[in-house]
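Since every read-out is calculated from the coordinates, none of them should be taken as a lab result. Only a predicted model underlies this, so the values are computations on that prediction, with no experimental measurement involved. A quick note on method: Cβ atoms are made from the backbone with ideal geometry, for glycine too, and the neighbour counts reach across all protein chains shown.
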Amino acid sequence: TKEPLAKDEL
Amino acid sequence: MNIFRFAGDMTHLISILVLLLKVYATKSCSGISLKTQELYGIVFLARYLDLFTDFISVYNTVMKLVFIGSSLAIVWCMRFHRVVKRSYDRDVDTFRHYFLVGGCFLLALFVHEKFSFREVFWAFSIYLEAVAILPQLILLQRSGNVDNLTGQYVLFLGAYRGFYILNWIYRYFTEDQFSRWISCVSGLVQTALYADFFYYYFISWKNNAKLKLPA
């Protein structure tokens, strides 16, 4: 499974 | 970072400052729903589990600490501060918000980006934030007239996610593998819940009248 995007948002 | 997201974060920060001003300056929390504040506390604690593990930027870390700190401080004030807690009217703040917590957690168990502890809690926090304002909106409808600071608090709180929607549209068109469909769908639901409040707020502003939500 592709890694979910880094959570860069608040 | 883009201008829409920055405007969203600043609007969110302003809403928190307005709320802190109201509670601190008037030593009163009349018209504020403790349940919404508790839900926001859960939202930030569940979303920022990566606070000490992933460092994104100083801005990101500072804002997370401000959001967690302010929401817990408001809940503490409304529950334990000698003067403030007297102005909390639990007979009007009756929304059964634990159903929201349970429902959002169940939804997060089935709908998430990846079945991991962090991702499930992140999705849970996104869903919970979308509905966290319900106790507050119900309380405003029940209590009829809304004082200015409370009205501005809810207005800015609703507007911030609207800026985030513009941010997601912008990122969708400028970044190739950008997909935040959980945040987008939840953000649209969240902003839609404020639609009638925005309408009545605009009417009261146009007529220069006191903000009143129909019961």
Problem - Estimated distance in nm for a label pair at A:L5 and B:W205, the labels positioned 7 Å out from Cα along Cα-to-Cβ - result: 3.0 nm
Completion exercise
In nanometres, the difference between 0.36 nm per residue of separation and the alpha-carbon distance of B:S30 and B:M10 is 4.7 nm
Problem - Sites matching chymotrypsin sites (Phe, Trp or Tyr not before Pro) across segment B:1-103 that sit in DSSP coil, with at most 10 neighbouring C-beta atoms within 10 Å - result: B:F52, B:F55
Completion exercise
Kirkwood Rh for the protein assembly as shown from C-alpha pairs, in Å, is 18.2 Å
Handout entry: Loop-located trypsin sites (Lys or Arg not before Pro) in segment B:1-76 whose Cβ has at most 15 other Cβ within 10 Å (DSSP)
Key = B:K27
Completion exercise
In deg cm²/dmol, rounded to the nearest 500, the helical mean residue ellipticity at 222 nm of chain B, built from -39500 (n - 2.57) for every DSSP H run of length 4 or more, is -23500 deg cm²/dmol
Practice task
Take every Cα pair under 8 Å in segment B:66-144 that's 6+ residues apart, average their separations, divide by the length, and report that relative contact order as a whole percent.
Solution key: 29 percent
Fill in the blank from the handout: Under the Karplus relation with 6.51, -1.76 and 1.60 and θ = phi - 60°, whole-Hz ³J(HN,Hα) for segment B:209-215, x at Gly and Pro, equal 10, 5, 6, 10, 9, x, 5
Problem - Where Cα atoms sit under 18 Å apart: lysine pairs in chain B separated by 8 or more or lying on different chains - result: 5
Completion exercise
chain B: relative contact order from alpha carbon pairs under 8 Å, six or more residues apart, as a whole percent, is 31 percent
Handout entry: Derived scalar couplings ³J(HN,Hα) [segment B:27-40; Karplus, 6.51 cos²θ - 1.76 cosθ + 1.60; whole Hz; x for Gly, Pro]
Key = 6, 9, 10, 5, x, 9, 8, 4, 5, 5, 5, 5, 4, 5
Fill in the blank from the handout: Percent relative contact order for segment B:102-183, counting Cα pairs under 8 Å at least six residues apart, stands at 25 percent
Handout entry: Under Karplus coefficients 6.51, -1.76 and 1.60, residue-wise ³J(HN,Hα) of segment B:57-73 in Hz, glycine/proline x
Key = 6, 4, 4, 4, 5, 4, 4, 4, 5, 5, 5, 5, x, 5, 5, 5, 5
Exercise for the section: Using a Förster distance of 30 angstrom, determine the FRET efficiency expected from the C-beta separation of B:D176 and B:L17, and round it to 0.05. Expected result: 0.25
Problem - segment B:168-190 versus segment B:14-73: alpha-carbon centroid distance in Å - result: 23 Å
